[in-house]
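First up is the structure itself, then whatever we jot down about it.
The values are calculated or read from the model by the stated rules, or taken from the named source; none is laboratory data. If you're wondering where the values come from, they're calculated on a predicted model, not measured in any experiment. When we count neighbours, we look across all protein chains shown, and the Cβ atoms used for this are built from the backbone with ideal geometry, even at glycine.
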Amino acid sequence: MGLTDIMNSFSEISLGSITLLSVLSAVLVLLVCLLVITILLKIVDRLQLKSKLDNTIKSFIRSGIKVGLWIIAVVIVADKLGIQTTSLVTLIGVAGLALSLSIQGVLSNLFSGLTTLTTKPFTSGDYVELDGVSGTVTEVGLFYTTMTTVDNKVIYIPNSQVAGAKITNYTRQKNRRVDLSFCVSYEAPTATVKAALMEAIELDARILKDPMPFVGLLSFKDSSVEYVIRVWTKRDDFWDVYFALNEGMRDIFAKHGIGLTYNHLNVRIDKE
């Protein structure tokens, strides 16, 4: 029996419109598709190793390519089985549209997550303020950004909100400026107050000399004169310097005889 006779025999064995020959042909095509998919995915993996993309984005791209290749493989195998691929492609398209509409919110979070991972307004470990919440970023995922607050609460923010929120990153710069204001009595001479403020600044070695510290008279209020100090410090020393200056000013002002004041009303009654 020759090869032609064997092929004809396989063609005579059928289940409905699907013959044994078409099944064998489809299996062979499937094996070829598997080989091609494996080779292409290895090429993608090699290209991604050379790229600087985030690992999450790499995983998403690889998964998307893999799904796309498998869809193409299914269509090719179905064509070999004699299935009308036009209808199959239309069905896949309709199913994809219905699925995208049903998970619109999920897709919004997904693409917003990809945008965040690409633009990198913050990374894991940064202390940020976004969407009205302040905390340390612990994870930037495809769907949610996870933050831990200073009182150790874990907050999950949908990436669609992150993408549209105003983001303040307190960690990106290595230095930060400490701004403090103090209200003192009108009786205290300006030169004395400024000298006292500079003395408090010089006592703290964590305050940077460059940029130079600034001390100035900010405004005249109803019951006091407001002075401001602006000093720079290392990012990690910000809060220590902030509280140390606040706590030390009482003793410095007392040393120089400068009275702290508060809003009050002086009433004078003239006797006739």
Right, residue 170: free of Cβ contacts under 8 Å to residues at least 24 places away in the same chain, among the aromatic types (Phe, Trp, Tyr) and farther than 22 Å from residue 226 by Cα or not?
-> no
Right, residue 146: surrounded by 15 or more Cβ atoms within 10 Å (Cβ to Cβ), in a strand (DSSP E or B) and among the polar types (S, T, N, Q) or not?
-> yes
Residues in segment 214-266 that are closer than 17 Å to residue 180 by Cβ, free of Cβ contacts under 8 Å to residues at least 12 places away in the same chain and not assigned by TED's automatic domain parsing to the domain that holds residue 198: how many?
-> 0
Within segment 47-89, count every residue that is at pLDDT below 80, within 40 Å of the chain's Cα centre (by Cα) and either at positive phi or not aliphatic (A, V, I, L, M) (or both).
-> 13
Can you tell me which of 94, 140, 128, 44 is among the β-branched types (Val, Ile, Thr) and at pLDDT below 80?
-> 94
Restricting attention to segment 150-163, does a residue exist that is outside any strand (DSSP E or B), under 13 Å from the mean Cα position of the chain (by Cα) and not polar (S, T, N, Q)?
-> yes
Restricting segment 199-243 to residues that are aromatic (Phe, Trp, Tyr) and part of a strand (DSSP E or B), the one surrounded by the fewest Cβ atoms within 10 Å (Cβ to Cβ) turns out to be 220
For segment 162-176, indicate whether the set of residues that are more than 27 Å from residue 240 (Cα to Cα) and touching a Ser or Thr at 6+ places or on another chain (Cβ under 7 Å) is non-empty.
-> yes
Cβ-Cβ below 8 Å, separation at least six or inter-chain, first residue in segment 27-41 and more than 17 Å from residue 68 (Cβ to Cβ), second part of a helix (DSSP H, G or I): which pairs?
-> 29/76; 29/77; 29/80
Would you be able to tell me the number of residues in segment 149-161 that are surrounded by 11 or more Cβ atoms within 10 Å (Cβ to Cβ) and either under 24 Å from residue 64 (Cβ atoms) or not β-branched (Val, Ile, Thr) (or both)?
-> 5
Residue in segment 180-191 that is outside the structural domain of residue 145 (by TED's automatic domain parsing), part of a helix (DSSP H, G or I), under 30 Å from residue 139 (Cα atoms) and out of contact with any Ser or Thr (no Cβ under 8 Å at 6 or more places or on another chain) present = no
